[in-house]
Amino acid sequence: MTSSPSVSHPIIVHWRQSGRSIRHEVVEGDYILASFERQGDPLPFSCRNGCCTACAVRVLHGEIDQREALGLSPDLRRRGYGLLCVARATGPLEVETQDEDEVYELQFGRHFGRGTVRAALPLEEE
């Protein structure tokens, strides 16, 4: 019995922080971050679970399957942001890395800095 050959797609990552562009073929359905690592090009990441924004990218061309990206709101996904740690290759793709703080602010910033911070009351000694 012969197995069908794996379909792969060209994935280009423009890594702004390092000033380089990296291209690899990634097998359809594989996580992009893990595939790049296996091919000798580790990219920025932190949690590997799609919960932070360390591996955030902006999609320039193509689409990604990132249904596991808990760290991105539906609005940011519609605006073209993705998380490479849980992004799966579905076709040719070109992305650009983003600054983690920028994407974190877009995602969570509206929840911080609201009102004044109050000191906690001192605990009573028993």
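Worth a mention:
- Candidate set from the stretch 7-34 (those that are of a type in the set (V, I, T) and outside any strand (DSSP E or B)); member that is farthest from L83 (Cα to Cα): V7
- All of (1) in contact (Cβ under 8 Å) with a residue 60 or more places away in the chain; (2) surrounded by 13 or more Cβ atoms within 10 Å (Cβ to Cβ); (3) not charged (D, E, K, R) hold for Q17 with one exception: (2).
- The selection criterion, being closer than 15 Å to C85 by Cα, without any contact (Cβ under 8 Å) to a residue 24 or more places away in the chain and outside any loop (DSSP other than H, G, I, E, B), holds for E37.
- Residue count for the stretch 62-91 under the criterion of being in a strand (DSSP E or B), in contact with a Gly (Cβ under 8 Å, 6 or more places away or on another chain) and under 20 Å from R20 (Cα atoms): the result is 1.
- Some residue of the stretch 62-79 being at pLDDT below 85 and either surrounded by 12 or more Cβ atoms within 10 Å (Cβ to Cβ) or among the hydroxyl-bearing types (S, T, Y) (or both): yes
- Of all residue pairs spaced 6 or more apart or on separate chains, those with beta-carbon atoms under 6 Å, a first member in the stretch 95-109 that is of a type in the set (S, T, Y) and a second member that is surrounded by 12 or more Cβ atoms within 10 Å (Cβ to Cβ) and outside any helix (DSSP H, G or I) are T97/W15; T97/V57; Y104/T53.
- Scanning the stretch 46-61 for residues that are part of a loop (DSSP other than H, G, I, E, B) and either surrounded by fewer than 19 Cβ atoms within 10 Å (Cβ to Cβ) or among the aliphatic types (A, V, I, L, M) (or both) turns up S46, C47, R48, N49, C51, A54.
- Qualifying residue in the stretch 92-107 (condition: modelled with pLDDT of 90 or more, farther than 18 Å from Q17 by Cα and either of a type outside the set (A, V, I, L, M, F, W, C) or surrounded by 19 or more Cβ atoms within 10 Å (Cβ to Cβ) (or both)): yes
The values are calculated or read from the model by the stated rules, or taken from the named source; none is laboratory data. The structure displayed is predicted, hence computed values, not measured ones. Note: ideal-geometry Cβ built from the backbone for every residue, glycine included; neighbour counts use all protein chains shown.
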